[in-house]
Each structure stands twice: as C-alpha cells, then as structure tokens.
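Each remark here refers to the structure printed beneath this line.
The values are calculated or read from the model by the stated rules, or taken from the named source; none is laboratory data. Because the structure is a prediction, the values reported are computed rather than measured. All Cβ positions, even for glycine, are placed from backbone atoms using ideal geometry, and neighbour counts span all protein chains on display. Remember, those area values only see protein heavy atoms, side chains included, never the ligands or the DNA or RNA. Shrake-Rupley method; radii C 1.70, N 1.55, O 1.52, S 1.80 Å.
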Amino acid sequence: MIGGLNSMGSIAENLRKVNENIALACEKAGRNRDDVTLISVSKTKPVSMLMEAYDAGVRVFGENKVQELVDKYEQMPKDVHWHMIGHLQRNKVKYIIDKVDLIHGVDTIQLAEEISKQAVKHNVKANILIEVNIGDEESKFGVSIQDAYKFAEDVYKLPNICLRGLMCVAPNTENPEENRKYFQKMYKMCVDINHKIGDNNVVNILSMGMTGDYQVAVEEGATMVRVGTGIFGERDYSKI
Ligand SMILES: *Cc1c(COP(=O)(O)O)cnc(C)c1O
C-alpha cells in the first residue's frame, strides 16, 4: 500500500470493514465473534484520530511507546483500555504499570521480574503475554519456541503477575496464507501451556494478527488482533 493513494475510508468506515472481516473469519472458523477482541493500534497517530475511533465505539487501544501511551492516557476519556504492545524497557515499567490492562511483549525474565516488582509496589495485578518469536527471525523480539514453556513456568510463579497467554508478530509477508502455519503453532503452544500450568483456564489469550493477516489469525484461534494501518491508515514516522 502506498500512503495516501490507497482506498482508505474514514476511521469509522475502516473500523466497520475490519469488524466485518473479523466476523466473517469467525463465521468461517465456527467461532464466536465475542471471543475476539479488536485492539486498535494507534501508535504515531494524534489524539484527534483516537477520538474519532472512540466516537465510533473503540475502547481498546494499543500503543508501543511508554511516553506516547502515558500522554494519550492523560488526554483520552477514562473508560479507554490501554494495551502495551511494544518492546518494553525495564526502567519504564513503573510509568505504565497502573495504566494498562495487558502487557503483550514480555520476553525476558528480567522484564517479568521488574513488572512483578512494580505490580507489588502499586498493589495491582499485572496481566502479561509472553512474546514468541514464532518465525524464528533475528530481527524480532520474543522467546524461542523451545524456551517458551520453561519461560512460562518461571514467569507464572512471580508475585502479582498474571500470565494470560501468548503473543507474536508473525513474519511480514505479502501473502497472509504464509503465516497460517505460524498461527497454528501459536494456538497449539497456548493450549499446551494452559494445560500445563494454567489453573482456571486463565492462560487463554492469543494475541496475533495485524493489518496484513488478521483474518487468517482469527481463523486459527486468535483471541486478540492488533490492527493499526487498517484502521488509521499508513503511519508517517518522519514526523516523530
Ligand atoms: C504496529 C503494530 C501493530 C499494528 O500493525 P499494522 O500492520 O499497522 O496493523 C500490531 N502489533 C504490534 C506489536 C505493532 O507494533
């Protein structure tokens, strides 16, 4: 897609389209639409655009930078749910620990320990997802498939941490079908980890699928999809 020259509609129209696609994917897979949460990824976008989405009914936003999340948190209505979807630095955990519903990208024990420490300090439970480098790509964050099980067990034990599931950023590809095998693998891992350590089925969130591949992700069991471009249009990083 080329920014500005594609057929993007208004934010409300884009949202309708994305929600329609999610519903279709659910139907195709025999899943309940209510089992999939759409996270509107608003990184780099101005508050005015977030408000446009808010007015169209969006209450769940995803951001990947701590400062940006905190700024928007302060400006947006209080019934918004914030998800930290990006790589989180340990020294910044303290700024968001009491502001986010879910931290998606936990991939080191040091980060998990810091989240635990801050959660205890602020007297909150921190919901986290383990990021898995499912495509085994050097450029990506996340624990390896082999390490994921042991890591889940270690993280699970930490005070005030609530391990809720897994997250991945699948390889960037033109053809979303190429990612189907990765989404299937993620689903299987999530079920396995849930059986192994999850009491009361709390390890049941699978965050996968972005603008290019969210329908396939939903077909393969995603319970959260993170869509940015498909809702807000292309991002312009030159202005940041
Ligand atoms: C930016 C981002 C997204 C959204 O990507 P789009 O392709 O614009 O939908 C999803 N997940 C993560 C972790 C991101 O950083």
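List the GluC sites (Glu not before Pro) within segment 148-240 that DSSP assigns to loop and that have no more than 10 neighbouring Cβ atoms inside 10 Å.
Working: sites: E153, E174, E177, E178, E219, E220, E234; in loops: E174, E220, E234.
Sites meeting the loop and neighbour criteria: E174.
Okay, which of segment 39-54 sit inside 14 Å, backbone N to the point 7 Å along the Cα-Cβ direction of E68?
Counting backbone N atoms under 14 Å from the label point, the list is 40-50.
First measure r as the distance between the Cβ atoms of N91 and N123, then evaluate 1/(1 + (r/R0)^6) with R0 = 22 Å and state the FRET efficiency to the nearest 0.05.
Details: r = 21 Å, r/R0 = 0.94.
Once the sixth-power term is evaluated, E becomes 0.60.
Just in segment 117-157: which trypsin sites (Lys or Arg not before Pro) are loop by DSSP and have at most 15 other Cβ atoms within 10 Å?
Numbers: sites: K117, K121, K125, K140, K150, K157; in loops: K125, K140, K157.
Answer in residue order: K125, K157.
Quick one: dipole size for the chain, taken about the Cα centre, charges +1 on Lys/Arg Cβ and -1 on Asp/Glu Cβ, in debye to the nearest 20. Could the numbers behind the result be given before it?
Details: 30 positive and 34 negative charges, 110 e Å.
So the dipole magnitude of the chain works out to roughly 520 debye.
For the chain, what does the helix formula give at 222 nm: sum of -39500 (n - 2.57) over DSSP H segments with n ≥ 4, over the residue count, nearest 500 deg cm²/dmol? Provide the component values of the computation, followed by the final result.
Working: 9 runs with 95 residues, N = 240.
Result for the chain, helices only: -12000 deg cm²/dmol.
What value does segment 130-180 have for Rg/Rh, both radii from Cα atoms and Rh as Kirkwood defines it? Mind dumping the intermediate values first?
Numbers: Rg = 12.9 Å, Rh = 12.2 Å.
Computed over Cα atoms, the ratio is 1.06.
Under a 1.4 Å probe, what is the accessible area of the chain per residue, stated in Å²? Show your work: numbers first, answer last.
Numbers: 11910 Å² over 240 residues.
With the other protein chains kept in place, the chain gives 50 Å² per residue.
Just list whichever of K72/K181; K45/K196; K121/K188; K94/K150; K72/K150; K28/K150 have alpha carbons separated by over 31 Å in the model shown. Show your work: numbers first, answer last.
Working: K72/K181 36 Å; K45/K196 40 Å; K121/K188 35 Å; K94/K150 26 Å; K72/K150 36 Å; K28/K150 34 Å.
Flagged as over cut-off: K72/K181; K45/K196; K121/K188; K72/K150; K28/K150.
Over segment 49-147, what is the relative contact order in whole percent, taking alpha-carbon pairs under 8 Å and six or more residues apart?
Details: 145 pairs, mean separation 20.5, N = 99.
The value is 21 percent.
Calculate what fraction, in whole %, of the accessible area of the chain sits on carbon and sulfur atoms when a 1.4 Å probe is rolled over the protein chains.
On the way: 5710 of 11910 Å².
Reported share for carbon and sulfur atoms: 48 percent.
Can you tell me the length gained on complete extension of the stretch K181 to D34, counting 0.36 nm per residue apart and subtracting the Cα distance?
Working: separation 147, 0.36 × 147 = 52.92 nm, distance 2.40 nm.
Difference between extended and current length: 50.5 nm.
Under the definition of Cα pairs under 8 Å and six or more residues apart, what whole-number percent is the relative contact order of segment 148-232? All intermediate terms of the calculation are to be shown ahead of the outcome.
Values: 120 pairs, mean separation 24.4, N = 85.
Computed value for segment 148-232: 29 percent relative contact order.
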